[in-house]
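The values are calculated or read from the model by the stated rules, or taken from the named source; none is laboratory data. Since the structure is predicted, the reported quantities are computational estimates derived from the model, not experimental observations. Glycine also receives a Cβ, built like all others from the backbone with ideal geometry; neighbour counts cover every protein chain displayed.
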Amino acid sequence: MEFEKYESSSADEVKKLFTSVFTDSEGQDEGELIGNLVFEMQETTKPDDIFGFIAKNEKNIIGCVFFTRMEFENKINAFILSPAAIATQHQKQGVGQKLIEFGINYLKKKNVKLLFTYGDPSFYSKIGFKYISENIAKAPLKLTYPEGWLAQSLVSENVEPITGNSTCVSALNNQKYW
């Protein structure tokens, strides 16, 4: 298995991957929603504000994760991991963890200081994310699942409180994802 930086030439294959994975786990509507989110993120986000990484098994893409910029009033270099997908037949084999770790190591080299995600704490805690309250860092929109608001510092042991509001890239700036 190989891990590499996402290239836009893989856009169609990546959209199909996300659509398929989320359809399998959450149903067709969710599959289409997340597939379209991935496409919109790629089309509307400035290159410095998005990083994608893929896992390949021979020539097929079997996993993908995106990190997009989050902005805070204090200007900390922060990104949010969202979304991530591993082909259904390759799940529960450590591919997702290894792919995300690959992405995190890349982001460390780019001087990213803080990462967020909004998802399953039992999975994301395996790769260093910890629950944070919005007293530590405010989410861009109202959280429907506050237990899923997670973060990790790439420069220290703990996430220090960040005052003020946050914003995310336009593709994620929709309540239906939060």
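Any residue at all in the range 110-129 that's closer than 14 Å to Tyr6 by Cα and modelled with pLDDT of 95 or more? No, the range 110-129 contains no residue that is closer than 14 Å to Tyr6 by Cα and modelled with pLDDT of 95 or more. Of all residues in the range 157-178, those that are farther than 12 Å from Arg69 by Cβ have Cβ atoms under 6 Å from Cβ atoms of residues that are part of a loop (DSSP other than H, G, I, E, B) and at pLDDT 95 or above, 6 or more apart or on another chain, in Val159/Ile132; Val159/Ile136; Pro161/Ile136; Ile162/Ala137; Asn165/Lys138; Gln175/Leu141; Trp178/Leu141; Trp178/Leu143.
Any residue at all in the range 87-98 that's within 21 Å of Glu40 (Cα to Cα) and in contact with a Phe, Trp or Tyr (Cβ under 8 Å, 6 or more places away or on another chain)? Looking through the range 87-98, none of the residues is within 21 Å of Glu40 (Cα to Cα) and in contact with a Phe, Trp or Tyr (Cβ under 8 Å, 6 or more places away or on another chain).
When the range 35-67 is examined, which residues are found to be in contact with a helix residue (DSSP H, G or I) (Cβ under 6 Å, 6 or more places away or on another chain), of a type outside the set (Asp, Glu) and surrounded by fewer than 21 Cβ atoms within 10 Å (Cβ to Cβ)? Once the filter is applied, which keeps residues that are in contact with a helix residue (DSSP H, G or I) (Cβ under 6 Å, 6 or more places away or on another chain), of a type outside the set (Asp, Glu) and surrounded by fewer than 21 Cβ atoms within 10 Å (Cβ to Cβ), the range 35-67 yields Phe39, Met41, Gln42, Thr44, Ile61. For the range 140-158, a residue qualifies if it is in a loop (DSSP other than H, G, I, E, B) and surrounded by fewer than 19 Cβ atoms within 10 Å (Cβ to Cβ), and the qualifying residues are Leu141, Lys142, Leu143, Thr144, Tyr145, Leu154, Val155, Ser156, Glu157, Asn158. The condition of being among the hydrophobic types (A, V, I, L, M, F, W, C) and touching a helix residue (DSSP H, G or I) at 6+ places or on another chain (Cβ under 6 Å) holds for only one of Ala137, Ala87, Ala171, Ala151, that being Ala171.
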